[in-house]
Amino acid sequence: AQTVLAAEVKRYVVEGSRAAELDSCVEPTERMRRMHFEFIKHQRISTVHEGIRGTKYSLAGCVECHISYEEQQPQPIDRPDQFCGACHAYAAVDLNCFDCHASVPNGGGLDAEAQAAHRAAGVEKLVQSGRNGEGH
Amino acid sequence: MAFLTNFYAFLFYFAAFVLVAGLVFKLVQYSATPAPLKIPTTPAPTTRTGVVLRMMREVVLFESLFRGNKWTWIFGWMFHFGLFLVTLRHLRYFMDPVPFPIQLVQPFGIYGGLAMVVGLAGLWVRRFSVDRVKYITSTSDHLILALLILIGCSGLLMKFVFHTDVVEIKSFFLGLYTFDLKPLPGDPLLLLHLFLVASLMIIFPYSKLLHAPGLFFSPTRNQVDNPREQRHIAPWAKKLEQQ
Amino acid sequence: MTDKTDRAENEIDSGRRDFIGVAAGMTAAVVAPGVLLHTVAAAPRSEPVTSDVRWGLLVDTAKCADGCSACVEACNDENGLNLQTPPEGEPDRKWDAQKAVWIRKVKLQDNQTGRVTNLPMMCQHCEHPPCVDVCPTGASFKRADGIVMVDRHLCIGCRYCMMACPYKARSFIHQDTTDQLTSVPRGKGCVESCNLCVHRRDYGEASTACVDACAAEGHHAIVFGDLKDPNSAINQKLKEIPSRQIREDLQLNTGVRYSGV
Amino acid sequence: MAKATFEVPELSEYTEVPAVKPGAMAHSSTFRAKEEFQQDLGFPGELVEDWQTKAIDKMGELLGKYRSLRVYMDACVKCGSCTDKCHYFLGTQDPKNMPVGRQDLMRKVYRRYFTLAGRLFPKLVGAEDFTKEVLDDWYCYYHQCSQCRRCSVFCPYGIDTAEISMAAREIMDSIGVGQKYCNEIIGKVYKIGNNLGLPGPALIDTIEGLEEDVYDETGVKVRYPIDEEGAEILLVTPSADFFAEPHVDGLIGYGKVFHEAGISWTISTYASEAANFGMFIGSYENMRRLAQRIREAAIKLKVKRIVFGECGHAWRVAYSFLNTLAGPWDFLDPKYPVPQHICEFTHGLIQEGKLKFDKSENDDKVLTYHDSCNVARASRMGDTPGGQFEIPRAIIKATCNHFYDMDEDTIRDRTFCCGGGGGLLTDDLMEVRVKGAKPRIDALNNVMQEKGVTHMAAICAICKTQFSKVLPYYGMEMDQVLSLHQLVSNAIVLTPGEDDDEPDGDEDLDNDNETDEAA
Amino acid sequence: MKRIVYREWRISPQRYWSILGVLAAVIGIGALAFGYMEHQGHWVTGMNNSVVWGMPHVFAVLLIISASGALNIASIGTVFQKPIYKPLGRLSGLLAVAMLMGGLLVLVTDLGRPERLIVAMTTYNFSSIFAWNIFLYTGFMAITIAYLWTMADRQGGPFNRPVGILALVWRLALTTGTGSIFGFIVARQAFDAAILGPMFVAMSFAYGLAVFLLVLMFAFTEEGRPIGPLMFRRLKNLLALFVAIVLYFTLIYHLTNLYVEENAGFESWLLLKGGIYTFLFWVGWVLIGGLAPLGILYHPELSKEPRWIAAACALVIAGGFATMYVVIIGSQAFPIQMFPGQTVLESGFFDGIDGRAAPYWPTIPEVLLGLGGVGVAMLITAVGVRVLQFMPESLADNVVPPCEETLGRAEPESAPA
Ligand code: HEM
Ligand code: HEM
Ligand code: SF4
Ligand code: SF4
Ligand code: SF4
Ligand code: SF4
Ligand code: SF4
Ligand code: SF4
């Protein structure tokens, strides 16, 4: 069931995120709206069990691209006014991934992965993220 | 697309009107009809609170049905409880913001949906396999079961196989409140689901689905057993007295 | 909840960490340039891991220094365990028993000779891991390359694996987590343990955080490598010095070996 | 065994649910009321001309007057829970004797004329025109319902087929199709005062004879007063109690209880009938007219309390409707509920310790108890729900040593009807009555086999008559059914009055008739 | 033979609803405790990374093995064809289902991520005893319900014995399985013993029967149904037998442990130096749960008094609780021996420095959670006996089927009740 998103449909891509400047998600947008959770579910299995890090549906990748900034600070993506959070609040779907996953990009090591995803999606790497948590 | 959206918008306005007007009419009719005699099925509670409790047991647990037929009870209760959960889950399409309790029970709606379909299937099988029930079953009974099963199955397929855009659906329905037509996703399953739901709404006030409000008006269940203590007399019967 | 203040604090916190992070990074760059080189060269894995390799560690207790805990700190740092804070109002003693620990420093004394041994203990990456045997959902699993870890999307938090592990290698996360690292997601209600720095494996880095740290301290007490590759550093070392598995009697064929105990 | 023109069902250990056999009882229609009986009650004498329209109009009127009917026509979902609950279905296999089958006879007409779906798509929803065939079906099957309400216990909405068969009978009466048995009897009450048509003098005669019999037997002068003004209690009892066996033994028992209580009482020749067949034909007006007689008698005799004798549906009308139909009862003593059941009265005395029993008098019997349907499911005794089950059992246990209940699923509110209620106690419905009694007799037979039960006590005139008649068909004795107060009568230890010749035993009881108060 | 009449529990509504009210309150408090633990995380419990299973597991395991034991009564009736136990079969089945539900609920609510229960029910690791137990438990539930059906429904008669045998086998497997959850843990010395399986079976008989007896006596006295002295004697003898067997297994268990040299450390710790665990072992397990009830049950006079029998049952249950505490928690608290012949001087992780036990002190929420499970079990039982015909109308000696063992002997004191 593929349909094109009509213009009046409510959008969640947040101002100031990298996604806001691009035309398409890693898949056609209306497909993402319907299927994103399937994609990342498969991704997580192959990552955790098989060690595959380089595919485009990486959760860290989603966060990278969809994160928005306020005064240079990335805003947790599951917050009710942010990309994932807003839509999930609207649809009343529990989003507990970020109980464990970082809700702001902070993984230096994962930049490479993000790059791979971006390459696959045909986008340039625009955001530089700092690695937190070191040096305690 | 625009045609579909307009068609469904109209359909739902119409269905909602029929449902509400029909139900209001029936409720008014029921409450306007007097119950001239005390006919609770005894042993019955002797106080109002007792009656409320009895009614709750009937509505929530289907107590009488439990005593009557265990198999029907199991399937019937599964279906209704499932339906109830599904309804709660569906509320998220119609409210914004979604109240916290609904958010909480929302995921259970999926199990509700499964239970509902299994229950309905059980009830339907019984309509063929038990000769007594077969005898009393009319075409409309089959049709209603079919309708509900189809609604359930199309919903479950959307949930598990052919995902649809929930967010768009929600804005469509929220838009209906303010006569602000938002596009509806064109997924065939969704359109089927919605069409059947509209049909259900339309037939509700004209069919045996009236059992839901009916139960609350059933004198054998909602009367207090206190005829010796309190005189109970209907207006039309009072007129006889004045003759 | 106290969302607002929390977030404010976190911002300050993460700002501070940013700063420290950079500083630490610089120190690391100065101290151990070789380590970083590996990172730069790495590419993320795109093929499933295979059983052609089996990762393992060898601890030479003779080199492990009394009073040193660099490996523990490095692990904490690598995996964000140092971001754990006791829940409000929790007494320290209880927190000590409840906080997550992936690697710990143990100091032993022989009952007969009185000889003191120091060693780090972590998940032994058993070949026949009891934790995997008992896990009801299959969340505990052994990757093809020998790493035993928990798929925390499946883990229900029953803690049976912790019961079963003879090395007490696992920890349960007893409280909410915040500020996780992107590379190491972790959260309340699941079990975790040393995973041989699995993200490093998948990005093709040469060794683990603890090994690097020990080397950086100049002790070189731990060696990391492929147990199946006869030429790997670990195999060379295994040939060189006598070593054994802890609780060899259980025949778990651990991937972590010790010499000198 | 009694001779039968039909096949008497085999008794089985448990009543199994039979397969349906459509039309099995279609041949069994009760006799029509003749013109004269119809007119006594204000109904047309024969089928009126445009009966169809009239019937539909009447139906419309009733739908507007009775919420029960209105809701029950709509609410049934055909769940089937009631299908195996009616004793007539269990005994006859006729699916139109399944409660929902019976309701559907009316429901299909209702759907056709009163619902949108039925008007538009009659086939789809099983709607049908009100044709002569349908009317015949109505007459046949609405007179195979004893209005016992067993179906309503198990229906998830409490749909009470009794309400529907009452309404159907009223509609039929209104177009001139009445039942002979009921309508004739109601006429008798209007004319003579009771169902059996015993005129006042005959009644007085019988009662006097009774008094003598009791004196002869016990040596104690137990009084059976009639039409005594100023008595404390008016006893209203089914007229069968005045002479028929085993009913009359019950009446003897009431008298002994009153005697021991030391409370004055009386029977009225005017209201000499507890039964109210107006209920059976669903006619509020007739039911009211019959009930008013009791009010008039109570006023005339200046009594303070009203007590009803053993009769099932009579107790339903008395307990549930009397206040509505003939109230308010503000001229009676407010200390007592109006009316009281004789069992409540006796039980009260037992609890107060005012009655002495010699249980061994009943040692020749092993008892079980039949909960009469109208008492069990349509009324109450005492002040807690379920008193109607406990009080009679408590009386039996106080008067007998050997008592066993029948199978749990066939007693209390799940009790099976005797098969003769609701105006079916007529010989022209013998087949229905015998077959309909099967579930009850199965259960009785079961306790007879397992516990050695010999007798079954009942507190309903119809039950007692029905069983006396039907038991022989199943190879049992007609005298195996007893009045509850017969047991009381047997076991009670009477206190002799001053003018009795053989004072025996117990002097310690207070004989002062005026001061004693029983509650 | 006389037909046994089963009847719904018909105590007065006030009484019934107040019992339900109390149970609902207990369950409600348990639910609150669950919510609290869930929201806060397990740090609010006493459980930690050394003692990973705490109070909830003590409750849960006790409930589960009692469930299996409770069904024993039904088995004796049908499988071993002792007719005197037949009238008790239904109640025993109900109790088994109820306690199993209660126990499982506690286990589930204690999970770190209970919302993933569905994962546990759809993803299995078949080498895990725990996963097998999920099947064992659901199977037990299904079989017991089928068993109840064969006992209650007329058409079920012919299947009664086959299903009964299946239930018996399944039940033994279940208890053994529960025992094996511990028994297969090579890591912990206390557990690594084959005898744990049969010992659990014996315990389940004793605790299950004790609970059964208490429930039976309570329900019967509440409604004034009679239990004859003969029946009492049979049941209390059975209980005494089971208690004795438990004691016997306890002895064997510790003797074998002492015999195996490497376990000597654990034994001397538990029997002498284990503090609370030593205390609970001697006072709870041995004295309260074993010797004291045996004393009562074999006492010529006391053992005829229902009150004393009830007291003995309560003691057995209390002792069972202590036993579970010792078995489950004691053996976790005892440090794992990783380095034989060495003493741990320092460790970052409670590795038993100088052989010290790991800390554990239960907190209120976990106890309440456990009690909630007991509440659930009792609630199911209470509702069950109220709405369905589980209990015989009377267990007076002249009603229950004669028992072949007492047939020969004259029974003068068993006059009709
Ligand atoms: C207060 C709410 C309700 C109560 C107490 C109630 C109760 C019942 C009961 C006791 C039955 C008979 C048992 C069975 O066959 O399942 C029944 C049947 C049924 N109910 Fe409901 N119900 C309610 C609401 C609804 C609603 C809202 C719907 C429809 C959307 C519905 C649809 C049905 C259907 C279709 C059947 C017939 C099943 C069959 O054909 O066997 N009910 N209901
Ligand atoms: C206008 C009203 C309705 C709308 C807009 C609607 C829409 C939907 C949608 C979008 C889904 C898919 C949910 C997902 O993908 O997560 C769904 C599922 C479902 N629907 Fe509906 N539906 C409506 C009414 C109903 C009614 C009245 C019933 C039952 C009688 C029903 C039964 C179901 C079931 C059983 C499911 C599958 C389980 C679930 O996801 O909850 N729906 N519905
Ligand atoms: S860093 Fe090396 S020397 Fe220091 S404790 Fe760890 S293993 Fe021992
Ligand atoms: S050391 Fe423990 S956690 Fe690690 S693999 Fe072995 S058993 Fe599992
Ligand atoms: S806690 Fe998680 S990983 Fe450990 S056994 Fe349970 S489910 Fe498996
Ligand atoms: S290998 Fe990595 S995870 Fe394991 S102990 Fe060392 S640093 Fe920690
Ligand atoms: S009221 Fe009694 S006789 Fe009439 S249908 Fe119902 S069960 Fe049958
Ligand atoms: S039980 Fe009630 S709803 Fe069900 S078929 Fe009978 S009358 Fe209809």
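Tally Lys/Arg at +1 and Asp/Glu at -1 over every other residue whose Cβ is under 10 Å from the Cβ of C:ARG159; what's the total?
Numbers: positive: C:ARG170; negative: E:ASP110.
Here the charged neighbours net out to 0.
Under the definition of partner shielding as Cβ atoms of other protein chains within 10 Å of a residue Cβ, what is the mean value for peptide B:25-36?
Counting Cβ atoms of other protein chains within 10 Å of each residue's Cβ and averaging gives 4.
Ignoring ligands, DNA and RNA, how much accessible area is buried between chains D and B, both sides summed, with a 1.4 Å probe, to the nearest 100 Å²?
Counting both chains, the buried surface is close to 5600 Å².
Before rounding to the nearest 500, sum -39500 (n - 2.57) across all DSSP H runs of length at least 4 in chain D and divide by the residue total; then give [θ] at 222 nm in deg cm²/dmol.
-13500 deg cm²/dmol
Going by average Cβ density within 10 Å per residue, which order do the peptides E:46-55, E:160-169 take, highest to lowest?
Going from most to least packed, we get E:46-55, E:160-169.
Quick check: the distance between the Cα centres of region B:94-119 and region B:34-63, to the nearest angstrom?
Between the Cα centres of region B:94-119 and region B:34-63 lies a distance of 30 Å.
Which value, in Å² and to the nearest 10, is the accessible area of C:ARG244 when all protein chains are kept and the probe is 1.4 Å?
In the full protein context, C:ARG244 sits at about 80 Å².
At a temperature of 25 °C and a viscosity of 0.890 mPa s, determine how fast region D:1-84 diffuses translationally according to Stokes-Einstein, using the Kirkwood radius over alpha-carbon pairs as Rh; express D in µm²/s, rounded to the nearest whole number. Mind dumping the intermediate values first?
Details: Rh = 17.9 Å.
Approximately 137 µm²/s, per Stokes-Einstein.
Only Cα pairs under 8 Å and at least 6 apart count here; give the relative contact order of region E:236-353 as a rounded whole percent.
24 percent
Considering only protein heavy atoms and a probe of 1.4 Å, how much of the accessible area of chain D is carbon and sulfur, as a whole percent?
Ligands and nucleic acids excluded, carbon and sulfur reach 49 percent.
If a helix is a whole DSSP H run, which ones in chain B reach 20 Å or further along their own axis (Cα) and hold a mean Kyte-Doolittle hydropathy of at least 0.0?
Sorted by number, the helices that extend far enough and score high enough are B:2-32, B:70-90, B:108-129, B:139-160, B:188-203.
With a cap of 16 neighbouring Cβ atoms within 10 Å, and only residues DSSP puts in a loop, list the GluC sites (Glu not before Pro) found in region D:45-107.
D:GLU46, D:GLU49
Could you report the buried accessible area between A and C, both sides summed, computed with a 1.4 Å probe and given in Å² to the nearest 100?
3000 Å²
How large, in percent, is the carbon and sulfur part of the accessible surface of region B:45-223 at a probe radius of 1.4 Å?
79 percent
In square nanometres, what is the average projected area of the Cα convex hull of region D:187-491?
14.5 nm²
In degrees, nearest 10, range 0 to 90: what is the angle between the Cα axis of helix D:438-451 and the longest Cα principal axis of chain D?
40 degrees
So how compact is region C:55-259: Cα radius of gyration and Dmax in angstrom?
16.7, 52
Given a 1.4 Å probe, how much area per residue of the protein assembly as shown is accessible, in Å²?
39 Å²
Translational D (Stokes-Einstein, µm²/s) of chain E at 10 °C and 1.306 mPa s when Rh comes from the Kirkwood sum over C-alpha pairs?
71 µm²/s
Could you point to the residue in D:HIS313, E:ASN72, C:ASN76 farthest towards the positive end of the protein assembly as shown's charge dipole, with +1 and -1 charges on the Cβ of Lys/Arg and Asp/Glu respectively?
In the protein assembly as shown, that residue is C:ASN76.
Give me the Debye-computed log₁₀ of I(q)/I(0) at q = 0.13, 0.21, 0.26 Å⁻¹ for region B:147-236, equal point scatterers on Cα only, no solvent, two decimals.
So the normalised log intensities are -0.64, -1.09, -1.23.
Please list B:LYS239, D:LYS438 from largest to smallest accessible area, probe radius 1.4 Å, with all protein chains kept in place.
My answer, sorted largest first, is B:LYS239, D:LYS438.
So what's the back-of-envelope 222 nm ellipticity for chain E, counting only DSSP H runs of four-plus at -39500 (n - 2.57) apiece and dividing by all residues, rounded to 500? All intermediate terms of the calculation are to be shown ahead of the outcome.
Working: 14 runs with 249 residues, N = 417.
Estimated from H runs of four or more residues: -20000 deg cm²/dmol.
Sequence gap at least 6, Cα distance under 8 Å: using those rules, report the relative contact order of region D:1-133 to the nearest whole percent.
22 percent
Could you work out how far helix E:196-223 tilts from the main Cα principal axis of chain E, as a 0 to 90 degree angle to the nearest 10?
Helix E:196-223 sits at roughly 40 degrees to that axis.
Taking the mean number of other Cβ atoms within 10 Å as a proxy for protection, how do you rank D:313-320, E:304-311 from highest to lowest?
D:313-320, E:304-311
Just to be sure I understand: if I project the alpha-carbon convex hull of region D:44-177 onto a plane and average over all orientations, what area do I get in nm²?
Mean projected area of the Cα convex hull: 7.7 nm².
Note the angle between two axes, namely the Cα long axis of helix D:200-218 and the longest principal axis of the Cα atoms of chain D, as a number of degrees from 0 to 90, rounded to the nearest 10.
Its long axis makes an angle of about 50 degrees.
Accessible area drop of at least 20 Å² (1.4 Å probe, protein heavy atoms): which residues of region C:166-182 qualify, relative to the chain alone?
C:PRO166, C:LYS168, C:PHE172, C:HIS174, C:GLN180, C:LEU181, C:THR182
Quick check: the distance between the Cα centres of region D:202-275 and region D:313-338, to the nearest angstrom?
21 Å
Highest mean first, what order results for E:314-326, E:375-387, D:445-457 on Cβ atoms within 10 Å?
Final packing ranking: E:314-326, E:375-387, D:445-457.
At q = 0.15, 0.16 Å⁻¹, what base-10 log of I(q)/I(0) does the Debye formula yield for region B:45-223 when every alpha carbon is treated as an equal point scatterer in vacuo?
-1.02, -1.13
Per-residue accessible area for A:SER103 at 1.4 Å probe radius, Å² rounded to 10?
In the full protein context, A:SER103 sits at about 30 Å².
A drop of at least 20 square angstrom in accessible area, chain alone versus all protein chains together, probe 1.4 Å. Which residues of region C:84-108 meet that?
Listed in order, they are C:PRO87, C:LYS94, C:ASP96, C:ALA97, C:GLN98, C:VAL101, C:ARG104, C:LYS105, C:VAL106, C:LYS107, C:LEU108.
Averaging the inverse of every distinct alpha carbon separation and then flipping it gives the Kirkwood radius. What is it for region C:118-190, in angstrom units?
Its Kirkwood hydrodynamic radius stands at 13.0 Å.
Tell me, what is the 1.4 Å probe accessible area of A:LYS56, in Å² to the nearest 10?
Accessible area of A:LYS56: about 60 Å².
At each listed q (0.25, 0.27, 0.28 Å⁻¹), what is the log10 of I(q)/I(0) that the Debye formula gives for region D:203-242 modelled as equal alpha-carbon point scatterers?
Once normalised to I(0) and log-transformed, intensities are -0.96, -1.03, -1.06.
Can you tell me, using C-alpha contacts under 8 Å and at least 6 residues apart, the relative contact order of chain B as a whole percent?
36 percent
Using a 10 Å cut-off around each Cβ of peptide E:105-115, what is the average number of partner chain Cβ atoms that fall inside?
4
Kindly point out, ordered by number, any Cys in chain D whose beta-carbon has no other cysteine beta-carbon under 4.7 Å away.
D:CYS76, D:CYS79, D:CYS86, D:CYS140, D:CYS145, D:CYS155, D:CYS182, D:CYS311, D:CYS343, D:CYS400 - these cysteines have no disulfide-compatible partner (Cβ-Cβ under 4.7 Å) in chain D.
Quick one: ranking C:ASP176, C:ASP133, D:ASP330 by accessible area, 1.4 Å probe, largest first, what do you get?
Values: C:ASP176 95, C:ASP133 75, D:ASP330 120 Å².
If we order C:ASP176, C:ASP133, D:ASP330 from most to least accessible, we get D:ASP330, C:ASP176, C:ASP133.
What percentage of the solvent-accessible surface of chain E, computed with a 1.4 Å probe over protein heavy atoms, is contributed by carbon and sulfur atoms?
The value for chain E is 71 percent carbon and sulfur by accessible area.
Give me the Kirkwood hydrodynamic radius of region B:197-243, using the inverse of the mean 1/r over all pairs of distinct Cα atoms, in Å to one decimal.
One decimal place: 13.9 Å for the Kirkwood radius.
Report the antiparallel proportion of the DSSP beta bridges in the protein assembly as shown as a percent, rounded to a multiple of 5.
Numbers: 29 of 51 bridges.
In the protein assembly as shown, approximately 55 percent of DSSP beta bridges are antiparallel ones.
Please state the equivalent ellipsoid semi-axes for chain D: what are the square roots of 5 times the Cα gyration tensor eigenvalues, largest first, in whole Å?
Numbers: eigenvalues 328, 135, 75 Å².
The answer is 40, 26, 19 Å, longest axis first.
Using the alpha carbons of region D:298-381, what is the convex hull volume per residue in cubic angstrom, as a whole number?
125 Å³
When DSSP beta bridges are limited to those with both residues in chain D, what percentage is antiparallel, rounded to the nearest 5?
Approximately 10 percent, going by the DSSP bridge assignments.
Determine the residues within region B:59-74 where the difference in accessible area between the chain on its own and the full set of protein chains amounts to at least 10 Å²; count protein heavy atoms only and use a 1.4 Å probe.
For region B:59-74, once contacts with the other chains are taken into account, B:SER64, B:LEU65, B:PHE66, B:ARG67, B:GLY68, B:ASN69, B:LYS70, B:THR72 lose 10 Å² or more.
Only four residue types carry charge here, +1 at the Cβ of Lys and Arg and -1 at the Cβ of Asp and Glu. Report the dipole size of region D:187-491 about the Cα centre in Debye, rounded to the nearest 20.
980 debye
With a 1.4 Å probe on protein heavy atoms only, work out how much accessible surface C and E bury together, total over both chains, in Å² to the nearest 100.
By this definition, chains C and E bury close to 4900 Å².
Work out the mean other chain Cβ neighbour count within 10 Å for the residues of D:93-100 and drop it here as an integer.
Values: counts 0, 0, 5, 1, 0, 4, 1, 4.
Mean inter-chain Cβ contacts per residue within 10 Å come to 2.
Which three extents, in angstrom, do the Cα atoms of the protein assembly as shown have along their principal axes, listed largest first?
129, 89, 55
How large are Rg and Dmax for region D:223-294 when calculated on the C-alpha trace, in angstrom?
13.6, 40
So if I take the centroid of the Cα atoms in region E:291-343 and the same for region D:8-37, what is the distance between those two points in Å?
Taking the Cα centre of each part, region E:291-343 and region D:8-37 sit 66 Å apart.
The values are calculated or read from the model by the stated rules, or taken from the named source; none is laboratory data. A quick note: this is a predicted structure, and the numbers were derived from the prediction, not measured. Cβ coordinates were reconstructed from backbone atoms using ideal geometry, including for glycine residues, and neighbour counts include every protein chain displayed. Just the protein is used for accessible areas: all its heavy atoms, side chains included, with ligands, DNA and RNA removed. Shrake-Rupley method; radii C 1.70, N 1.55, O 1.52, S 1.80 Å.
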